[in-house]
1. I want to verify a result. In a Gaussian network model of the chain, Cα cutoff 10 Å, which of these has the top mean-square fluctuation: 112, 137, 30?
2. Which percent of the Cα-Cα distances in the stretch 165-239 go past 16 Å?
3. Of the accessible area of the stretch 156-213, with the probe set at 1.4 angstrom, what percent is carbon plus sulfur?
4. Just the number please: accessible area per residue for the chain, 1.4 Å probe, all protein chains included, in Å².
5. For a quick check, take a GNM of the chain with Cα springs below 10 Å and name the residue from 123, 29, 168 with the largest mean-square fluctuation.
6. Have a look at 27, 228, 149 and tell me which one the Gaussian network model of the chain (Cα, springs below 10 Å) gives the largest fluctuation.
7. Between residue 11 and residue 255, what is the label-point separation in nm under the 7 Å Cα-to-beta-carbon projection?
8. When only C-alpha pairs under 8 Å and at least 6 residues apart count, what is the relative contact order of the chain, in percent?
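The values are calculated or read from the model by the stated rules, or taken from the named source; none is laboratory data. It should be emphasised that the depicted structure is a prediction, and the values quoted were computed from it without experimental measurement. Positions of Cβ are generated from backbone atoms using ideal geometry, with glycine treated the same way; all protein chains shown enter the neighbour counts. Accessible surface is based on the protein model in full, side chains and every heavy atom, while ligands, DNA and RNA are left aside. Shrake-Rupley method; radii C 1.70, N 1.55, O 1.52, S 1.80 Å.
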Amino acid sequence: MRPISGLVCGAVTTVALGLVLSALAGYQVRDHGDLDPAIGLGAALLAAIGTAGIIAVIRTFGSWPRTHVLVPLLFLPAAIAPLVLGLERNRIEAGLVLGAAAFAIHLSLGRRHAVAAVAVTVVVAGLAVWGLQDRWRAQKFEAVGVPLYVPEIPGYRLSAVWAGHYSVTLKLTAPGGTWLDVQLLNGTNDFPCGPGRPERAVYPPEGSPKRLGICLPEGGTMLVSPGYQAPDVTPLLTHITVRAVDGATLAEHPDGVTSFEPD
């Protein structure tokens, strides 16, 4: 009966895990409007209590180990919390890794060396999630859906990146500490691209600070803005070249850009 109890309880816990993951956005946008921590932790707590109740009822028909009831109470919050409090995620891949861990834990209960088996399972699952962070972070930038390009600007280097709901923001810094903010969009009313439009220009025509608009292949737009105490960007207009990159290239840089997106 032990394999049956493990399979049944593992299935119940895994379904609950999948429901919690499905309540979250595909990837986490860390800004002042990020509700993922509250949604994820709240849903995990409710799912843990509900799943424990379901398993408690089921086990009465087979006299299965009581420890099955404890698994979702401990496992679900512990599995979801890292994915909404700092780590990157891919809901499907995270569900597969953590779901397999849930099955392994339930199948270990009632057997010899169960504590050791559970400990090994937790460590392996944790290492798997950690090992997938670069892959999931790269997928996050690609999931935004904007053409990914990095400007090559003399005297500046890419130092930080940020993936939003509809844009990607880059921070380029100079040795003196000044920086430029670069936003990648599919389009913008501030600097529209298309037939008859200039491929790059300084805007706005009047007022300050001046910004640069560059039309990208695939219909994208790059906006270059001066950061705090940065010099006028107007002379850079003809000196900027753009380089296509993938999500993995951006994932090599840390988060550290203030969101430009209004909530």
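1. Evaluated over the chain, the most mobile residue of the options is 112.
2. Here the tail beyond 16 Å accounts for 50 percent of pairs.
3. The computed percentage sits at 50.
4. Counting only protein heavy atoms, the per-residue value for the chain is 50 Å².
5. 123
6. Comparing 27, 228, 149 in the GNM, the peak value goes to 228.
7. Result for the modelled spin labels: 3.7 nm.
8. Averaging sequence separation for qualifying contacts and normalising by length gives 18 percent for the chain.
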